[in-house]
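Take a look at the structure set out below.
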Amino acid sequence: MWLPLLGLLLGFAIGVLAGWEVPDEYSHYLSIAILAAFDTLIGGWRAHLQRTYDETVFITGFFFNIVLAATLTFLGVHLGVDLYLAAVFAFGVRLFQNIAIIRRLWLAEWAKRRYNREKS
Amino acid sequence: MERKNRFYFAGVAAIFGVMLAVGLRTTLHPEGRDTRDIWELRADLTKEQKLEQRLLEELESYEETLRRYRREHEAGGATELEATVAKLREEAGLTEVRGSGLVLTIAPFSAAGYVGPAVAAVSPELLQRLVNELNKYGAKEIAIDGERLTNRTAIRDVNGATKVGSRSVRLPVEVRAIADDADKLYSGLAVSPIRDDFAVENLELSISKPQPLVVIPPAASRPDVKYMETENGGKEEK
């Protein structure tokens with residue numbers, strides 16, 4: 001449970017301390033890639049809670065989604081259509097769904113624990 | 001979750017963390033740093049101190065006026081109020097002004113052997129430039145072709161004719177300017193490139209020597225006052 005959080009904090013610290021910055025014209029791509037990565041991360045967590053976690057699916061999904069989102073943005077920029085909105089929409093909806101599922105799973109677990117406590 | 005899986009998950013989370021940090025750094029640009037050195041800081045400080053001084057002086061003069069108003073009010077006189085009105089009329093350009101200054105003349109200019117269309121008018125841009133130049137070297141009051149320039153006088157092109165305020169300007173044009181220091185105004189104009197600007201448009205700007213008495217007429221029209229009302233005549237608010 002704590003290991004992924006530790007990894008996240010470690011990565012964040014590295015990112016802050018390293019002082020990298022992306023040029024302004026590419027910040028769009030980075031934002032969309034961050035959204036894709038966040039979606040995959042939350043998806044992986046939900047899968048873990050539902051006991052359907054698959055490592056290959058998770059890791060390929062992580063990189064594939066990032067690349068796909070960046071590609072969509074790139075295409076959109078060159079076609080003059082805001083295609084990145086498609087990615088924002090898709091990932092946004094999925095994020096909300098996944099978080100809702102996680103919340104329900106937690107609620108169910110909490111209710112079960114209370115029930116058990118009252119019973120004992 | 002297996003141990004190996006956890007490590008992978010943590011690794012992916014770390015990558016996400018790096019991305020997030022870089023993204024935040026990119027979007028949240030640090031505020032512009034103050035890179036002034038000590039001399040620039042001193043210059044800025046002096047500037048602010050001068051401003052403060054000026055504001056204080058202004059405040060002091062208003063307070064002095066207020067005190068005089070109170071005294072007059074107690075004494076029942078109105079001379080102070082009249083003095084203020086006279087001062088305001090002077091500031092608004094409603095009075096004739098005399099003082100030392102220059103007389104400038106704009107006339108058509110043609111070099112020897114020039115064959116081309118004769119210049120019929122002076123463009124408003126050129127006149128505006130001349131006014132800016134005069135103000136730059138300390139002109140206090142300006143009149144173009146007898147039309148007093150106030151804060152509200154427009155210099156513009158109306159259907160091909162150059163108008164200053166409501167008066168059409170035709171060549172030759174006489175420009176009068178009054179300055180506290182007419183010599184400074186004269187030498188400023190002597191080195192200014194404004195004469196070349198006139199020459200480019202085939203006009204000649206001749207500048208007189210500083211004269212001890214230049215008369216500038218009052219503005220012909222009273223400025224319209226749209227948004228102010230006298231206290232008695234104003235609408236009463238409920």
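Readers should treat all values here as calculations from the given coordinates under stated rules, not as data from a laboratory. Everything numeric here is computed off the predicted structure, so don't read it as measured data. When we count neighbours, we look across all protein chains shown, and the Cβ atoms used for this are built from the backbone with ideal geometry, even at glycine.
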* Structure fact -> Most fluctuating of B:Tyr137, B:Tyr227, B:Tyr62 in the GNM of chain B (C-alpha, under 10 Å) is B:Tyr227
* Asked: How big is chain B in terms of Cα radius of gyration and Dmax, in angstroms?
  -> 30.7, 101
* Asked: What nm value, rounded to one decimal, do you get for the distance between A:Val16 and B:Leu51 when each label is placed 7 Å out toward the C-beta?
  -> 3.7
* **Per-residue [θ]222 nm for chain B (sum of -39500 (n - 2.57) over DSSP H runs n ≥ 4, rounded to 500)** => -15000 deg cm²/dmol
* To do: Highest first, please rank the peptides A:70-76, B:33-39 by the mean number of other Cβ atoms sitting within 10 Å of their residues.
  => A:70-76, B:33-39
* Only Cα pairs under 8 Å and at least 6 apart count here; give the relative contact order of chain B as a rounded whole percent. => 26
* Asked: Rounded to the nearest 500, what is chain A's calculated 222 nm mean residue ellipticity when only DSSP H runs of at least 4 contribute -39500 (n - 2.57) each, over all residues?
  -> -30000 deg cm²/dmol
* Structure fact -> Under 5 Å from the placed amide H of B:Ala161, counting only residues 5+ away or on other chains, we find none
* Residues with amide H under 5 Å of B:Leu149's amide H, sequence separation 5 or more or different chain, H placed in the peptide plane at 1.01 Å from N; which? -> B:Ile142, B:Ala143, B:Ile144
* Structure fact -> Here the membrane-span-like helices of chain A, with no claim about any membrane, defined by DSSP H, Cα axial extent at least 15 Å and mean Kyte-Doolittle at least 1.6, are A:2-18, A:55-79
* Relative contact order for region B:148-238: what is it in percent, counting Cα pairs under 8 Å that are at least 6 residues apart? -> 28
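Given a Förster distance of 25 angstrom, what is the FRET efficiency for B:Thr35 paired with A:Asp24, based on the Cβ-Cβ distance and rounded to 0.05?
Efficiency for this residue pair is about 0.75.
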* Structure fact -> Across A:12-25, the residue-averaged tally of Cβ atoms belonging to other chains within 10 Å stands at 5
* Structure fact -> So, with points 7 Å from each Cα along the Cβ direction, the B:Glu82-B:Glu64 label distance in nm works out to 2.2
* Asked: How high is the relative contact order of region A:24-119, in percent, counting Cα pairs under 8 Å that sit 6 or more residues apart?
  -> 35
